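Encoded as structure tokens, the structure appears first; notes follow it.
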Amino acid sequence: MPQEPSAYDKERIAHINFLMDNIHGSTSEIYEALVDRDFTTLKIEIKQLMSSLKDILESTEDDI
């Protein structure tokens with residue numbers, strides 16, 4: 001029988017889902033900005049996505 005995830009694991013998964021939702025939203029905005037040729041929004045979204053990915057990378061450096 002599968003074991004129930006711990007409270008820590010549930011919180012960790014919720015955080016991962018939050019991060020992934022933000023990444024997905026950002027990539028959707030980048031797509032729309034490209035289609036609309038809205039280069040001002042495109043640059044802002046790309047910078048925000050890069051910052052988010054950098055934060056994730058840095059937060060996992062100790063785990064690697």
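Just to be sure, is residue 8 surrounded by 11 or more Cβ atoms within 10 Å (Cβ to Cβ) and among the aromatic types (Phe, Trp, Tyr)? Considered against the rule, which asks whether it is surrounded by 11 or more Cβ atoms within 10 Å (Cβ to Cβ) and among the aromatic types (Phe, Trp, Tyr), residue 8 comes out as no. Of the candidates 29, 58, the single residue that is open to solvent by less than 100 Å² (accessible area, probe 1.4 Å) and under 16 Å from the mean Cα position of the chain (by Cα) is 29.
The values are calculated or read from the model by the stated rules, or taken from the named source; none is laboratory data. Bear in mind that the values here come from a model prediction, so they are computed numbers and not experimental data. All Cβ positions, glycine included, derive from the backbone under ideal geometry; neighbour counts span all protein chains shown. Just the protein is used for accessible areas: all its heavy atoms, side chains included, with ligands, DNA and RNA removed. Shrake-Rupley method; radii C 1.70, N 1.55, O 1.52, S 1.80 Å.
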